[in-house]
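See below for the structure under consideration.
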Amino acid sequence: MTKLVVISAGLSVPSSTRLLADRLTAATVEALEEVEVTHVELRDLAHQVTDQLLTGFPGAELAAAQEAVRAADGLIVVTPVFSASYSGLFKSFFDVLETGVLDGKPVLVAATAGTARHSLVLEHALRPLFAYLHAVVVPTGVFAATEDFAAHDLDSRVVRAAGELALLMGKVSRVDSAVSVSVRRTTQDEFAEPTPFEQLLRQASGR
Amino acid sequence: MQFGIFTVGDVTADPTTGRTPSEHERIKATVAIAKKAEEVGLDVFATGEHHNPPFIASNPTATLAYIGAQTERIILSTATTLITTTDPVLIAEDYAKIQHLTDGRVDLMMGRGNTGPVYPWFGKDIRDGINLAVENYALLRRLWDEDVVNWEGKYRTPLQGYTSTPRPLDGVAPFVWHGSIRSPEIAEQAAYYGDGFFHNHIFWPAGHTKQMVDLYRRRFEHYGHGTADQAIVGLGGQFFMRKNSQEAVNEFRPYFDNAPVYGHGPSLEDFTEATPLTVGSPQQVLERTLGFRDYVGDYQRQLFLVDHAGLPLKTVLEQLDLLGELLPELRKGMAEGRPAHVPDAPTHASLVAAAGGAHDSTVHAVDDVTGTTDREEVTA
């Protein structure tokens with residue numbers, strides 16, 4: 001059984017961060033044949049994360065979350081943007097994680113914020129953090145500003161990112177068009193074998 | 001089974017009065033605490049070795065020798081001696097000297113240090129921590145066990161035909177414990193030499209202790225020093241007790257809440273549940289302590305931390321009185337169901353007996369020209 005752990009650092013209930021995490025989870029579950037999902041809501045662990053910063057050892061619930069992360073085949077991590085970066089709580093969770101736990105682990109990074117002006121936080125903050133932790137970050141990160149929750153566009157990015165994560169995690173149940181988008185064609189490919197115009201027409205209309 | 005106390009010599013403000021003792025007061029208090037430990041019937045007093053404020057625990061050998069001169073019976077030990085950053089030649093000399101001065105009432109515990117910068121302060125690199133502990137101890141062992149040592153290693157200058165003086169008392173080196181919270185290499189090291197293994201067993205969940213002690217016991221047997229349950233295990237522990245359990249909680253809470261290490265973190269209740277800290281009545285301390293055997297097996301040495309977090313000297317001495325009153329019960333409880341083949345902690349006397357008796361291992365100087373010693377010249 002493939003194990004997926006979803007870490008969400010939203011603070012309000014309900015939170016848009018959790019909402020995005022749920023959409024990414026649903027898309028990943030759909031792309032995988034059999035998967036066991038564990039949700040880690042960092043708000044519930046905030047005290048224990050701080051305690052571990054001070055004492056060096058985790059409380060029972062945090063220890064269980066860390067064990068789930070250790071055993072996971074892949075992670076979805078979602079943080080709200082606070083002061084131009086991931087939230088302190090989100091970072092602290094990874095600060096107290098034992099060294100080496102994320103080595104080689106596929107991770108889908110995602111973030112939420114009030115406006116799209118924060119969107120590069122994925123590339124400038126989350127990606128370096130998980131590169132440092134030796135995780136394998138999937139090529140597509142998903143950023144959702146508040147307005148994105150009303151747009152069609154978010155779904156296609158969610159599905160593409162989830163497909164990429166599923167490919168790295170193991171058995172994929174169906175390779176749909178969204179996943180195959182990650183196999184990019186170059187201009188040279190087009191000269192060698194042009195994409196049939198009917199397909200260009202379909203892609204142009206977004207279907 | 002030995003019972004005792006260990007201190008790290010922290011100079012901490014008393015949160016109930018805001019008053020911080022001076023270094024002088026704290027140093028003198030440490031001596032008073034050690035003398036009190038002997039008075040109430042404890043077997044061991046151990047001091048840490050820290051080289052930075054707010055601690056007064058540098059130069060432990062002076063402290064131990066001074067206490068040794070004012071006590072009769074108590075075993076003096078360390079918790080811990082920095083085998084990483086201290087020249088093993090100095091450790092060999094210092095503790096052999098204290099052995100002689102105290103007629104064998106000394107053993108020591110090896111550790112790696114309380115703070116990262118202690119490495120550069122002594123010209124070492126923290127990334128070499130384990131390697132330093134391994135190489136330095138290998139040299140220390142030889143300096144005590146062999147009269148003349150030729151040695152070359154990575155971390156200090158070579159030694160040629162070197163004799164560490166004074167030679168260990170009665171030809172027997174002080175017993176050594178190795179302390180570590182969660183470095184399996186140190187449990188392996190203790191097992192390899194058949195030395196003792198000590199787990200600090202304070203501030204950390206019992207799971208850390210169990211996993212280290214299990215490994216040490218398994219490897220002790222592997223290296224042929226005896227069965228796993230004959231390995232020499234020591235534990236730390238921490239309590240605050242009053243006759244009435246609620247009184248203990250009320251009095252200790254401000255010290256807990258503001259303590260170095262764990263203060264401003266988990267609640268007293270959470271922490272006592274997660275770690276071996278017990279705050280309550282003597283009966284509660286007794287039961288909790290006797291329960292340590294449930295996860296480490298029958299063991300040899302129990303040391304308690306009683307003098308940290310700004311507790312005033314008067315309170316610490318009261319705690320020692322209470323511990324003294326509890327001692328007969330603790331000893332009785334620990335003896336219950338203890339198999340006869342589980343040994344006591346080695347002492348100087350037992351080590352001498354195991355070595356087939358005392359022998360003077362004094363090394364007399366050899367004349368470079370004639371090849372004779374002064375002793376031979378006298379007897380010739």
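The values are calculated or read from the model by the stated rules, or taken from the named source; none is laboratory data. From a predicted model like this one, the values you see are computed outputs, not experimental measurements. So basically every Cβ, Gly included, is an ideal-geometry build from the backbone, and we count neighbours across all protein chains shown.
So B:F220 ticks every box in (1) over 18 Å from the mean Cα position of the chain (by Cα); (2) surrounded by fewer than 24 Cβ atoms within 10 Å (Cβ to Cβ); (3) part of a helix (DSSP H, G or I) but one. Which box is left unticked?
(2)
Hey, any hits in segment B:178-185 for a residue that's surrounded by fewer than 17 Cβ atoms within 10 Å (Cβ to Cβ), over 29 Å from B:P54 (Cα atoms), free of Cβ contacts under 8 Å to residues at least 40 places away in the same chain and in contact with a helix residue (DSSP H, G or I) (Cβ under 7 Å, 6 or more places away or on another chain)?
There is at least one residue in segment B:178-185 that is surrounded by fewer than 17 Cβ atoms within 10 Å (Cβ to Cβ), over 29 Å from B:P54 (Cα atoms), free of Cβ contacts under 8 Å to residues at least 40 places away in the same chain and in contact with a helix residue (DSSP H, G or I) (Cβ under 7 Å, 6 or more places away or on another chain).
Against the condition part of a helix (DSSP H, G or I), crowded, with 19+ Cβ neighbours inside 10 Å and within 14 Å of another protein chain (Cβ to nearest Cβ), how does A:L45 come out, does it pass?
In short, yes.
With the requirement that a residue be facing another protein chain (nearest Cβ under 8 Å), out of contact with any helix residue (DSSP H, G or I) (no Cβ under 8 Å at 6 or more places or on another chain) and within 13 Å of A:S92 (Cβ to Cβ), what does segment A:48-67 give you?
Across segment A:48-67, the qualifying residue is only A:L54.
For segment B:200-217, enumerate the residues that are away from chain A (no Cβ under 12 Å) and free of Cβ contacts under 8 Å to residues at least 12 places away in the same chain.
B:D214
Among the numbered conditions (1) away from chain A (no Cβ under 14 Å); (2) touching a residue at least 40 places away in the same chain (Cβ under 8 Å); (3) buried (at least 19 other Cβ atoms within 10 Å of the Cβ), tell me where B:F197 comes up short.
(2)
Filter segment A:80-91 down to residues that are at pLDDT below 95 and either at negative phi or within 14 Å of chain B (Cβ to nearest Cβ) (or both), then give me how many there are.
So the count comes out to 0.
Determine which single condition A:T99 fails, assuming it passes every other condition in (1) of a type in the set (V, I, T); (2) buried (at least 23 other Cβ atoms within 10 Å of the Cβ); (3) at pLDDT below 95.
Every listed condition holds for A:T99 apart from (2).
Being surrounded by 17 or more Cβ atoms within 10 Å (Cβ to Cβ), in a strand (DSSP E or B) and modelled with pLDDT of 95 or more is the requirement here; does A:V77 meet it?
Yes; evaluated as a whole, the condition is true for this residue.
Among the residues of segment B:102-129, how many are in contact with a Gly (Cβ under 6 Å, 6 or more places away or on another chain) and assigned to a helix (DSSP H, G or I)?
Summing the residues that are in contact with a Gly (Cβ under 6 Å, 6 or more places away or on another chain) and assigned to a helix (DSSP H, G or I) in segment B:102-129 gives 1.
What's the number of the only condition in (1) of a type in the set (A, V, I, L, M, F, W, C); (2) within 14 Å of another protein chain (Cβ to nearest Cβ); (3) in contact with an Asp or Glu (Cβ under 7 Å, 6 or more places away or on another chain) that B:L277 fails to meet?
Condition (3) is where B:L277 drops out.
Matching residues to (1) farther than 15 Å from A:F130 by Cα; (2) of a type outside the set (D, E, K, R):
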| site | (1), (2) |
| --- | --- |
| A:E33 | yes, no |
| A:T55 | yes, yes |
| A:V78 | no, yes |
| A:D103 | no, no |
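Consider segment A:150-164. How many of its residues are surrounded by 22 or more Cβ atoms within 10 Å (Cβ to Cβ) and either in contact with a Lys or Arg (Cβ under 8 Å, 6 or more places away or on another chain) or under 15 Å from A:D22 (Cβ atoms) (or both)?
The qualifying residues number 4.
If the Cβ limit is 6 Å and pairs must be 6+ apart or interchain, which residue in segment B:240-259 that is crowded, with 16+ Cβ neighbours inside 10 Å pairs with which residue that is part of a helix (DSSP H, G or I) and of a type in the set (G, A, S)?
From residues that are crowded, with 16+ Cβ neighbours inside 10 Å, the pairs are B:F240/B:A248; B:M241/B:A248; B:R242/B:A248.
If the requirement is being assigned to a helix (DSSP H, G or I), more than 16 Å from A:V5 (Cβ to Cβ), in contact with a Phe, Trp or Tyr (Cβ under 6 Å, 6 or more places away or on another chain) and more than 14 Å from every other protein chain (Cβ to nearest Cβ), which of these qualifies: A:L122, A:L154, A:L129?
A:L122
Anything in segment A:1-34 that is in a helix (DSSP H, G or I) and small (G, A, S)? List them, or say none.
Residues satisfying the conditions are A:S16, A:A21, A:A26, A:A27, A:A31.
Which number in (1) over 15 Å from the mean Cα position of the chain (by Cα); (2) surrounded by fewer than 23 Cβ atoms within 10 Å (Cβ to Cβ); (3) assigned to a helix (DSSP H, G or I); (4) not acidic (D, E) marks the one condition that A:Q52 misses?
(2)
Check B:A187, B:A228, B:A259 and return the single one that is in contact with a Ser or Thr (Cβ under 8 Å, 6 or more places away or on another chain) and either hydroxyl-bearing (S, T, Y) or modelled with pLDDT of 95 or more (or both).
Exactly one of B:A187, B:A228, B:A259 is in contact with a Ser or Thr (Cβ under 8 Å, 6 or more places away or on another chain) and either hydroxyl-bearing (S, T, Y) or modelled with pLDDT of 95 or more (or both), namely B:A187.
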